[in-house]
């Protein structure tokens, strides 16, 4: 890798931020950035992951300049090649599970034996973004604390 080439893990993080709506610190706080990066590499292969990250880096750079998010939507999310992976990545971050890529993706790009539904790790379940988004705790994973049931839930203000 040339000295000034972007780090693929940094691009993966930037892509994850854009897809989830959570910031870099929140994603890093899950402790799962490297695990999820390795999961994507294992499932779609290093070559295809490199193509995805290259497309994402280009789109994110364009979107930073244009401030509209259109390039990421057009070139990654709505792409027949990269969109299914982006959807699976969103599910991975929110639910802690990998969901298999659709048959239409597999027909064109092939598949690996790892592309099956599975919980990535116990930590992935506990740190799923769905819990933070819902203001809840993972059942059996992170109890909210003694007596917390006696307090009403926090409801963020509606803007």
Residue 68: closer than 27 Å to residue 133 by Cα, within 13 Å of the chain's Cα centre (by Cα) and surrounded by fewer than 16 Cβ atoms within 10 Å (Cβ to Cβ), yes or no? no
Taking region 16-36 on its own, how many of its residues are under 22 Å from residue 117 (Cβ atoms), buried (at least 19 other Cβ atoms within 10 Å of the Cβ) and touching a helix residue (DSSP H, G or I) at 6+ places or on another chain (Cβ under 7 Å)? 4
Based on what the data block shows, is residue 79 in a loop (DSSP other than H, G, I, E, B) and farther than 26 Å from residue 121 by Cα? yes
Quick check, is residue 124 closer than 13 Å to residue 44 by Cβ and either over 17 Å from the mean Cα position of the chain (by Cα) or touching a residue at least 40 places away in the same chain (Cβ under 8 Å) (or both)? no
Number of positions in region 62-121 that are in contact with a helix residue (DSSP H, G or I) (Cβ under 6 Å, 6 or more places away or on another chain), closer than 16 Å to residue 21 by Cα and modelled with pLDDT under 95: 1
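The values are calculated or read from the model by the stated rules, or taken from the named source; none is laboratory data. All values reported here derive from a predicted model rather than from experimental measurement. In this analysis, Cβ positions are derived from the backbone assuming ideal geometry, glycine residues included, and neighbour counts consider all displayed protein chains.
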